[in-house]
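Notes for the one structure printed next.
The values are calculated or read from the model by the stated rules, or taken from the named source; none is laboratory data. Every value quoted in this text rests on a predicted model; they were computed, and no experiment measured them. Glycine also receives a Cβ, built like all others from the backbone with ideal geometry; neighbour counts cover every protein chain displayed. We work out accessible area using only protein heavy atoms, side chains counted, and drop any ligands, DNA or RNA first. Shrake-Rupley method; radii C 1.70, N 1.55, O 1.52, S 1.80 Å.
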Amino acid sequence: MIQIVRTGPLCTVQDRGRAGYAAIGVSPSGAADRRSLGLANRLVGNAETAACLEITLGGLALRARRAMTMALTGAPVPSTVDGRAVAMNSPFGLAAGALLVLGVPRAGLRTYLAVRGGIDVPEVLGSRSTDVLSGLGTAPLRSGTVLSVGRAGAGWPNVDVAPVPELPAEPVLRVLPGPRDDWFTGGAVRTLGCTPFDVTPDSNRVGIRLHGPVLERARHDELPSEGMVRGALQVPPDGRPMLFLADHPVTGGYPVIGVVVADDLPLAAQLRPGQRIRFRYAPGGR
Amino acid sequence: MITVIKPVGEHAALVELTGAHGVYELHAALRQRPPAGMTELVPAARTILIGYDPARTSFARLASVVRELRPSGVATNAGRLVEIPVRYDGPDLDDVARCTGLGHDEVARRHAACEYVVAFCGFAPGFAYLGGGDPALRVPRRAVPRTRVPAGAVAVADEFSAVYPAESPGGWQVLGRTESRMWDLTRDPPALLAPGDRVRFAAVSR
């Protein structure tokens, strides 16, 4: 059992999400930064399907009721166990009753905490993830929340620390054009690939609202609602794109000018308000 | 009939069809014989988005399999009728009245006069796209979507009406509000409306 003492702005339980329910309007959800989730689980010897805590802008403090093994990945955050510093990307022990305290990340947005055995909250439609758009899953954690921990698997990780590259200050996200790039002017399509955009504070697990040059339409009729994907750059009539993340709506009626490649989505999940980003067209993988 | 199939990132393909009936038929065929590597199916107004695992198939292979599917005519069920009470006092009633050239009362009357059919679901759990509305009430989405639309909001955009099941961002024009719950995890099934169901809105005052 884990007892939450304090949380920062947002702390939710996340796993790999609930894909396959889009036809009844359920977003895939899951960790915004899948790469960090996977690494955290592997560092403590969990199955890839185990649930972790996704901690936005640090601030989490918790106590373990019994001895546990944990690991922190994602946005690097100064952390202590009973006052002793613990490293990122490396398994560490928490004795029964010990207090883990996370500071605020210097870079990035989302830190992941894996506990050996996995966070054990009820599943909804096959996943333990919290979907902030629909409210499916366990409510965001608060002071006093008590969480069960599952039974550990047999394997132990053979690693002390995983080398993880630093987050870039001005990330460049690779984009594949379409499916509705033909709804925009040639100038808009070119602009997307060469002009910087700023991350606005109006961003969350649903998506990142970007501020930058207006992306002008070539067509002004209405687009019938159609299926949306993670990484999609959806552009409403005001011309300012929204980059969809884990809790994105399943369908939408604004045209998608391009889709960020899957390998760059973990970078997108770590973007902070005020950060400047660029897009670069990737060679099409058709 | 399929007009075009486009790639969407590296994990999905968007199939465009000529009409809503084409969507219904292809969706049924894909559910009956799912192509290898398919991970997700999102039917919508004129399209079906097919998610795939690039380790198991490719865009080209999937597109080829989809084109070769010959959907047989699928019978549509006459679904059950669901009545939804509405207070027609929404924030976009002014804009819709202006855009259609009708008065507030006339917009509300015409909206409640139709029998709608659930064409497909999407956008959010419990969000059903209702077709069969009055063509005179056909209006575009808001130019700037709202950051927050309340739960129970009854709204229109293009040829569809819908009820927002929970508070969320949204770009539809809000005509009014209902107390009916579109999505309830304590209920079985959790969604009030499913494709094929028929819907009537009933105006209530206060």
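Restricting the range B:124-140 to residues that are at pLDDT 90 or above and more than 10 Å from chain A (Cβ to nearest Cβ), the residue that is surrounded by the fewest Cβ atoms within 10 Å (Cβ to Cβ) is B:Pro135.
Of the residues making up the range A:92-137, just one is touching a Gly at 6+ places or on another chain (Cβ under 6 Å), within 14 Å of another protein chain (Cβ to nearest Cβ) and surrounded by fewer than 23 Cβ atoms within 10 Å (Cβ to Cβ), namely A:Val124. Selection within the range B:81-134: residues that are assigned to a helix (DSSP H, G or I) and without any contact (Cβ under 8 Å) to a residue 24 or more places away in the chain. The member of this set that is nearest to B:Val149 (Cα to Cα) is B:Asp94.
Within the range B:166-206, restricting attention to residues that are open to solvent by 70 Å² or more (accessible area, probe 1.4 Å) and of a type in the set (S, T, N, Q), the residue that is farthest from the chain's Cα centre (by Cα) is B:Ser205.
Any residue that is farther than 20 Å from A:Pro91 by Cα, open to solvent by 30 Å² or more (accessible area, probe 1.4 Å), in contact with a strand residue (DSSP E or B) (Cβ under 7 Å, 6 or more places away or on another chain) and away from every other protein chain (no Cβ under 14 Å) - is there at least one of those in the range A:10-31? Give the derivation first.
Initial filter on the range A:10-31 (farther than 20 Å from A:Pro91 by Cα): A:10-12, A:16-30.
So of that shortlist, the ones also open to solvent by 30 Å² or more (accessible area, probe 1.4 Å) come out as A:10, A:16, A:19-21, A:23-24.
From what is left, the residues that are in contact with a strand residue (DSSP E or B) (Cβ under 7 Å, 6 or more places away or on another chain) are A:10, A:19-20, A:23-24.
Within this subset, residues satisfying the condition of being away from every other protein chain (no Cβ under 14 Å) are A:10.
Yes, some residue in the range A:10-31 is farther than 20 Å from A:Pro91 by Cα, open to solvent by 30 Å² or more (accessible area, probe 1.4 Å), in contact with a strand residue (DSSP E or B) (Cβ under 7 Å, 6 or more places away or on another chain) and away from every other protein chain (no Cβ under 14 Å).
Residues in the range A:81-130 that are within 27 Å of A:Pro273 (Cβ to Cβ) and of a type in the set (Ser, Thr, Tyr): A:Thr111, A:Tyr112, A:Ser129, A:Thr130.
Do we find that B:Gly37 is at positive phi and loosely packed, with under 14 Cβ neighbours inside 10 Å in this structure?
Working: at positive phi: yes; loosely packed, with under 14 Cβ neighbours inside 10 Å: no.
Answer is no for this residue.
If I filter the range A:170-195 down to residues being touching an Asp or Glu at 6+ places or on another chain (Cβ under 8 Å) and open to solvent by 30 Å² or more (accessible area, probe 1.4 Å), which single residue comes out as nearest to the other protein chains (Cβ to nearest Cβ)? Looking at the filtered set, the residue picked out is A:Arg174. In summary, strands (runs of 3 or more DSSP E) completely within the range A:1-118 and bearing 3 or more residues that are in contact (Cβ under 8 Å) with a residue 24 or more places away in the chain and at negative phi occur at A:2-6, A:10-14, A:52-56, A:61-64, A:68-74, A:99-102, A:110-115.
If you go through the range A:167-201 and keep only what is outside any helix (DSSP H, G or I) and free of Cβ contacts under 8 Å to residues at least 60 places away in the same chain, you end up with just A:Thr185. What residue, among those in the range B:58-73 that are more than 10 Å from chain A (Cβ to nearest Cβ) and at pLDDT 90 or above, is nearest to A:Arg230 (Cα to Cα)? Here the residue is B:Leu62.
Does A:Asp264 satisfy the condition of being within 14 Å of another protein chain (Cβ to nearest Cβ), part of a helix (DSSP H, G or I) and in contact (Cβ under 8 Å) with a residue 40 or more places away in the chain? Spelling it out, A:Asp264 is indeed within 14 Å of another protein chain (Cβ to nearest Cβ), part of a helix (DSSP H, G or I) and in contact (Cβ under 8 Å) with a residue 40 or more places away in the chain. The residue that is farthest from A:Ile4 (Cα to Cα), among those in the range A:119-141 that are at pLDDT 95 or above and not in a loop (DSSP other than H, G, I, E, B), is A:Ser127.
Residues in the range A:229-241 that are open to solvent by less than 60 Å² (accessible area, probe 1.4 Å) and more than 9 Å from every other protein chain (Cβ to nearest Cβ): A:Leu233, A:Gln234, A:Val235, A:Gly239, A:Pro241. For the range A:196-228, the tally of residues that are within 11 Å of chain B (Cβ to nearest Cβ), at pLDDT 95 or above and open to solvent by 20 Å² or more (accessible area, probe 1.4 Å) stands at 2.
Table: residues versus (1) open to solvent by 10 Å² or more (accessible area, probe 1.4 Å); (2) modelled with pLDDT of 95 or more.
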residue: A:Leu245; (1), (2): no, yes
residue: A:Pro249; (1), (2): yes, no
residue: A:Asp263; (1), (2): yes, yes
residue: A:Arg276; (1), (2): yes, yes
residue: A:Phe279; (1), (2): no, yes
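Please find, within the range B:5-34, the residue that is farthest from the other protein chains (Cβ to nearest Cβ) out of those that are surrounded by fewer than 16 Cβ atoms within 10 Å (Cβ to Cβ) and closer than 13 Å to B:Leu62 by Cα. Residue satisfying both the conditions and the ranking: B:Arg33. Before we move on, is B:Ala55 at pLDDT 95 or above, within 13 Å of chain A (Cβ to nearest Cβ) and open to solvent by 50 Å² or more (accessible area, probe 1.4 Å)? Yes: the conditions hold for B:Ala55.
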